[in-house]
1. Does segment 141-246 classify as rounded, prolate or oblate by the C-alpha gyration tensor (a ≥ b ≥ c root eigenvalues; a/c under 1.5 gives rounded; else a/b over b/c gives prolate, otherwise oblate)?
2. Using a Cα-Cα cut-off of under 26 Å, which lysines could be cross-linked to residue 246, ignoring same-chain neighbours fewer than 8 residues away?
3. Taking just the alpha-carbon atoms of segment 41-123, what radius of gyration and Dmax come out, in angstrom?
4. Compute the angle between helix 88-100 and the longest alpha-carbon principal axis of the chain, please, reported from 0 to 90 degrees and rounded to the nearest 10.
5. Beyond 23 Å, how much of the Cα-Cα pair distribution for segment 192-350 remains, as a whole percent?
6. Aspartates and glutamates within cross-link reach of residue 21: Cα-Cα under 14 Å, excluding same-chain residues under 8 positions apart?
7. Carbon-plus-sulfur fraction of the accessible area of segment 21-171, 1.4 Å probe, in percent?
8. Using Cα atoms only, what is the angle between the long axis of helix 140-161 and the major principal axis of the chain, expressed in degrees (0 to 90) to the nearest 10?
Amino acid sequence: MKLYRILRDNMRICLDIEFEKEIVCILGGGKLALRKAKQFLEAGSIIYISAHDYAEEFNRLPVHKVDRNQLHQVLKKAKLAIACTDDESENRAFLKLARTYKVLAMAARNHQGQDTFSMTQLRFEQMVLASSTQGAFPVANRFLLRDWQRRLSVLGTIREQLHDHSLCKDLLNVTEDQLFFLQEALQQGRAIVYLLHGNASLKAHRQCENLVQSAKEKWNTYAIATFFLAKKYKNMDLETWCAILKDLNIQMHFVLIFWQRGNYVNQAEKILTSYSFSKQCIFLRPQTLVKENQDYILHIQSEKVKKDSVVLSILDSPYMRKLYPDHRFIAAFDQEKQIERIVHETNPTV
């Protein structure tokens with residue numbers, strides 16, 4: 001039975017239906033009815049409405065207020081019936097009558113015999129966006145649409161600049177931060193990207209934001225971002241990221257930040273060289289984070305360490321904290337001096 005219900009819920013289809021000069025009958029005069037009346041008036045509909053009491057704003061709207069008998073008569077010519085009263089039985093009876101006239105039926109509240117739902121929408125020349133939280137959070141619908149409109153607008157701008165349209169699909173994998181970085185990079189024409197091993201913790205992302213903000217204060221004519229190389233956390237591989245940046249003809253400078261040279265550094269440098277991008281390596285010195293002669297642990301070390309050793313990481317690392325729960329933990333990016341040093345040593349002119 002549960003599977004059957006899921007299948008039924010997934011059988012709905014969103015249709016974009018023309019309502020200009022079409023009759024819409026609304027039962028009820030409260031806030032819900034007011035919201036629906038405004039929505040369909042914007043679509044050019046002719047509104048007939050019947051209620052015992054009306055919200056004050058209805059006095060300023062071009063709607064036809066009628067009694068119940070008149071509403072039922074007009075219903076025969078309507079394209080849509082909307083039930084918005086607080087009486088569920090009254091709503092069901094009205095929608096049942098609408099269906100006998102082959103009229104689409106909608107209720108402002110769920111599960112009252114409706115066969116149609118309206119969605120909050122934004123219409124533009126090249127796109128239509130619609131959202132429904134199915135009553136879970138109606139106020140959020142317009143916020144969600146504005147957010148998507150903003151993202152789609154940026155995606156459209158970037159798409160127009162791409163020569164290789166096979167990369168358009170890869171654009172859908174970029175994070176929000178990367179998307180708006182690309183927008184800024186197109187405007188500036190040049191950019192700096194810091195390459196890190198990285199992880200998925202919220203604190204690590206905030207540490208990256210601190211680096212980006214500090215770098216922007218010095219290199220204010222560059223778009224600046226970070227990019228995680230660790231396979232577990234990245235949303236796309238470095239080669240795809242480079243292909244997009246190359247196709248957009250952005251003057252790029254990459255900065256690799258690591259403790260010591262290893263596979264990630266070597267592989268990243270090979271890719272950057274193949275795309276002829278400017279690059280440099282900044283190797284952090286772990287000794288600067290601990291006291292003189294104090295033992296420390298890096299992720300590249302063996303597990304045989306002294307009890308009083310300090311665990312070091314470039315960014316916050318839940319993995320290292322879990323691996324060494326009894327040791328003191330230090331993240332390089334928690335120290336402003338380390339970030340200042342990285343920004344100071346960044347040289348996009350190399």
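The values are calculated or read from the model by the stated rules, or taken from the named source; none is laboratory data. Keep in mind it's a predicted model, so treat the numbers as computed, not measured. Every residue, glycine among them, receives a Cβ derived from its backbone with ideal geometry; neighbour counts consider all protein chains shown. The area values use the complete protein model at the heavy-atom level, side chains included, leaving out ligands, DNA and RNA. Shrake-Rupley method; radii C 1.70, N 1.55, O 1.52, S 1.80 Å.
1. The shape class here is rounded.
2. 169, 216, 218, 231, 232, 234, 270, 279
3. Cα only, segment 41-123: 12.7, 36 Å (Rg, Dmax).
4. Long axis of 88-100 versus the principal axis of the chain: about 70 degrees.
5. Counting every Cα pair in segment 192-350, those more than 23 Å apart make up 39 percent.
6. Reachable aspartates and glutamates: 42.
7. Carbon-and-sulfur percentage of accessible area, whole number: 50.
8. Once rounded, one gets 60 degrees.
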